[in-house]
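*Asks:* This is the structure I want to talk about, given as structure tokens.
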Amino acid sequence: MKIYNTLTRRKEELTPITPGQIGMYVCGVTVYDLSHIGHARSAIAFDVIRRYLTFAGYRVRFIKNFTDVDDRIIRRANAEGVPALEISERYVREYQRDMEALGVLRPDVEPKATDHVAQMISLIQCLLARGMAYVVDGDVYFEVSCFSGYGKLSGKNLDELLAGARVEVDERKRDPRDFALWKSAKPGEPSWESPWGPGRPGWHIECSAMAMQYLGESFDMHGGGEDLVFPHHECEIAQSEACTGKPFARYWLYNGFVNLASEKMSKSLGNTLSIRDLVSRHDPEALRLYLIGTHYRAPVEWTEEGVLDSARALERLRDLARGERELDGDAPAEAGTIAQDVAAFTTRFRGAMDDDFNTPQALAAIFDLTSKLYAYRDQMVLGKRADAPFAEALATLTSHARALGLLEKPSPRREGWGFIPRPVDGAARARPRASHIYTASPDGAPADWWLSTQARIEALVAQREEARKRRDWARADEIRADLEGMGARIEDTPAGTRWKWKST
């Protein structure tokens, strides 16, 4: 398995500190407002990485923090006239609710900065003792010029930083590049006691203290959004390694931004899309499929149409997976190509994911096998193929999809959430534009769209028959409306319900 390490600017073979185990720390959100699609992109990217590492046999310890003391939290608390803790706790809960909706696994530990002030104070004391920090009027600063490796993650050098880096102007600093480890208390702000007087920790020190608390002085992977490379992670490395004398993290991984009309999405620009709003309009797994359709290191160009394409692709996959319940697992196996197809699929899927978690190519492998299994299923229905090989192949497909967080939840019963697009007028046979998921495949286009559409229609027809037998006329009418919207004409006859395309 190879991953791109921002620290070395190349792909490297994954060699954990402890064989078979991965310690992974990802910087979390500052909890002062609802989370947006950019947060979802980062959370899903690292959720997929974590899931795949587990799928590949590693024992993963995953830590993701909450920054629950910050200028923005304090400003919001003062504006609402409530304690800062009330604001941070409110948005911790909201973030966890959003992550659950997106199917993101809970971290093994979700530390909060305010619960680890003692560890931060100890780390600052270590830096002072080593001559790497200094105190000015109750504030403590890290002295950047004392750490020769400063800039190795971002590629910045000290002269560039001195000329124009984004640093706070403070004449009390020995050097304008120095950054705050501890901030003295100010009126209207929460504070903690320390050897330098009451105050609160700087932003950078919190992640160093929490990562080392739960993963040790050195661990395997550190991740986050690419905006954290500098100054946040650069400062983390400096203060951590200056204290311990050991490498902080071996591999540094970053997800790209989400762009709206080629413009970076951010709260400061006022162009964000909240997760809460998005999951009210879209199937959360379709959002996941759309986001992982782009490599995690590349920027995502946000479009609503792209999510709808992903919803259609996801429903195709779900339709196939739902058929597993109807199979006769005791049927004799039949020699054929399906075993070779599955073997080729697993090699291709793992090869893609082992190459820096290349989800676009892994998805291409999933949907190509999906097309082949649809074709096999049609032959099976006609009695030309055995059930057991199909069931085994479908189980393999499903387990690999779940390694990406797909097929975890049933399809939501809501308009626009993953159902086959509804044709209008006489266009029932018009095939929709191919999904970007499909076109990622180097092996050609998917199998005919009509296979998945027909399977969905036949399943609904069967559900409608059951509703009619129960004399549940309201449900039967509801299903009829769904079927007609999909382009199917329904005819109830003494022999049962028949259907055909409206245009035939």
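*Asks:* Within segment 2-22, can one find any residue that is more than 22 Å from V300 (Cβ to Cβ), within 20 Å of the chain's Cα centre (by Cα), surrounded by fewer than 22 Cβ atoms within 10 Å (Cβ to Cβ) and of a type outside the set (S, T, N, Q)?
*Replies:* yes
*Asks:* Failed condition for D139, given (1) in the same structural domain as R41 (by TED's automatic domain parsing); (2) in contact (Cβ under 8 Å) with a residue 60 or more places away in the chain, with all others met?
*Replies:* Unmet condition: (1).
*Asks:* For segment 185-218: of the residues being surrounded by 19 or more Cβ atoms within 10 Å (Cβ to Cβ) and assigned to a strand (DSSP E or B), which is nearest to the chain's Cα centre (by Cα)?
*Replies:* Result: P201.
*Asks:* While we're on this one: Quick test of your reading of the structure: T370 fulfils all but one of (1) modelled with pLDDT of 85 or more; (2) of a type in the set (V, I, T); (3) part of a loop (DSSP other than H, G, I, E, B). Name the failing condition by number.
*Replies:* Against the list (1) modelled with pLDDT of 85 or more; (2) of a type in the set (V, I, T); (3) part of a loop (DSSP other than H, G, I, E, B), T370 comes up short only on (3).
*Asks:* Confirm whether R172 is surrounded by 13 or more Cβ atoms within 10 Å (Cβ to Cβ), touching a Phe, Trp or Tyr at 6+ places or on another chain (Cβ under 9 Å) and more than 24 Å from V26 (Cβ to Cβ).
*Replies:* In short, no.
*Asks:* In segment 236-243, is there at least one residue being hydroxyl-bearing (S, T, Y) and more than 31 Å from the chain's Cα centre (by Cα)?
*Replies:* No: zero hits.
*Asks:* Still on this model: Going by what's in this entry, would A375 be described as surrounded by fewer than 21 Cβ atoms within 10 Å (Cβ to Cβ), more than 19 Å from K2 (Cα to Cα), of a type outside the set (F, W, Y) and free of Cβ contacts under 8 Å to residues at least 24 places away in the same chain?
*Replies:* When the stated conditions are applied, A375 does not pass them.
*Asks:* Right, something else. For segment 165-184, which positions are in contact with a Leu (Cβ under 9 Å, 6 or more places away or on another chain), at pLDDT 80 or above and assigned to a loop (DSSP other than H, G, I, E, B)?
*Replies:* The answer is D175, P176, R177.
*Asks:* Scan segment 91-107 and report the pairs whose first residue is surrounded by fewer than 21 Cβ atoms within 10 Å (Cβ to Cβ) and whose second residue is among the β-branched types (V, I, T) and assigned to a helix (DSSP H, G or I), with Cβ atoms within less than 7 Å and a gap of 6+ or a chain change.
*Replies:* Within 7 Å, the pairs are A101/V279.
*Asks:* Which residues, counting only those in segment 378-399, are surrounded by 21 or more Cβ atoms within 10 Å (Cβ to Cβ) and either touching a residue at least 60 places away in the same chain (Cβ under 8 Å) or part of a loop (DSSP other than H, G, I, E, B) (or both)?
*Replies:* F390, L394, L397
*Asks:* Show me the strands (runs of 3 or more DSSP E) found entirely inside segment 233-314 where at least 3 residues are modelled with pLDDT of 95 or more and buried (at least 20 other Cβ atoms within 10 Å of the Cβ).
*Replies:* Passing ranges, in order: 249-255.
*Asks:* Residue pairs, Cβ under 7 Å, 6 or more apart or interchain, first in segment 38-62 and part of a strand (DSSP E or B), second hydroxyl-bearing (S, T, Y). List them.
*Replies:* V60/T54
*Asks:* Looking only at segment 76-88, which residues are surrounded by 15 or more Cβ atoms within 10 Å (Cβ to Cβ) and free of Cβ contacts under 8 Å to residues at least 40 places away in the same chain?
*Replies:* A77 - this is the single residue of segment 76-88 that is surrounded by 15 or more Cβ atoms within 10 Å (Cβ to Cβ) and free of Cβ contacts under 8 Å to residues at least 40 places away in the same chain.
The values are calculated or read from the model by the stated rules, or taken from the named source; none is laboratory data. Note that the structure is a prediction, hence the values are computed from the model and not measured. Because the Cβ atoms are built from the backbone with ideal geometry, glycine has one as well, and the counts that use them run over all protein chains shown.
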